[in-house]
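A.B. asks: Have a look at this one before I ask anything.
The values are calculated or read from the model by the stated rules, or taken from the named source; none is laboratory data. All values derive from a computational prediction rather than experimental measurement. Neighbour counts are summed over all protein chains in view; Cβ atoms, including those assigned to glycine, are modelled from backbone coordinates with ideal geometry.
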């Protein structure tokens, strides 16, 4: 009986699997070592971490300080709206598994905090009028002296800043992050 009712009242053109799958993807804006051709991009391409696909280039709608700090030369996006630059990066569609893995990598919510922010979509090198809400990893609780560091609008590990990212392996230390992080 239910099967008969479904055939009468459920449109055959509706693909419920596609609807469910699409709703499980999130947009994430990356601005540092997760970008293409950067040291941690493999996190986004490793299928064991989940699914991800490049969506577009983008830039923050709000200015933020993007700095490089710690002995490992880690890029940090400081949550200080209006200060710094419109930060350029990449937008990815990621599934729940990948989002969880990125949370682990970024130690959310202990150090970086994942928040939604408006990102301006860039196509063919030109800003569009299209804004999208994306997850962004910010350093919210930071030492004020970090605002004296040079602020970038775009990060590359091999950039002119001369601060190449150094792999920390499993020794990525809380002590290193304590150089930038303010505890409650």
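A.B. asks: Which one is farthest from residue 104 (Cα to Cα), of the residues in the range 7-39 that are surrounded by 12 or more Cβ atoms within 10 Å (Cβ to Cβ) and at pLDDT below 95?
C.D. replies: Residue satisfying both the conditions and the ranking: 21.
A.B. asks: Here's a follow-up. Give the residue that is farthest from the chain's Cα centre (by Cα), with candidates limited to residues of the range 132-151 that are assigned to a loop (DSSP other than H, G, I, E, B) and within 9 Å of residue 111 (Cα to Cα).
C.D. replies: 141
A.B. asks: Let me ask something else. If you go through the range 136-184, how many residues are modelled with pLDDT under 95, in contact with a helix residue (DSSP H, G or I) (Cβ under 9 Å, 6 or more places away or on another chain) and under 29 Å from residue 57 (Cβ atoms)?
C.D. replies: 2
A.B. asks: Name, by its number, the condition in (1) surrounded by 17 or more Cβ atoms within 10 Å (Cβ to Cβ); (2) assigned to a loop (DSSP other than H, G, I, E, B) that does not hold for residue 160.
C.D. replies: The number of the failed condition is (1).
A.B. asks: What tally of residues in the range 81-92 results from selecting those that are touching a helix residue (DSSP H, G or I) at 6+ places or on another chain (Cβ under 8 Å) and crowded, with 19+ Cβ neighbours inside 10 Å?
C.D. replies: Count: 1.
A.B. asks: Okay, next question. Could you go through the range 65-78 and let me know if any residue there is over 25 Å from residue 161 (Cβ atoms) and buried (at least 19 other Cβ atoms within 10 Å of the Cβ). Even if it seems obvious, please write down each step before you answer.
C.D. replies: Within the range 65-78, the subset over 25 Å from residue 161 (Cβ atoms) is none.
Checked the range 65-78: no residue is over 25 Å from residue 161 (Cβ atoms) and buried (at least 19 other Cβ atoms within 10 Å of the Cβ).
A.B. asks: In the range 44-58, how many are within 21 Å of residue 113 (Cβ to Cβ) and either surrounded by fewer than 19 Cβ atoms within 10 Å (Cβ to Cβ) or without any contact (Cβ under 8 Å) to a residue 60 or more places away in the chain (or both)?
C.D. replies: Result for the range 44-58: 4.
A.B. asks: Could I ask something else about it? Can you pull out the residues in the range 90-122 that are in a strand (DSSP E or B) and farther than 21 Å from residue 63 by Cα?
C.D. replies: 93, 94
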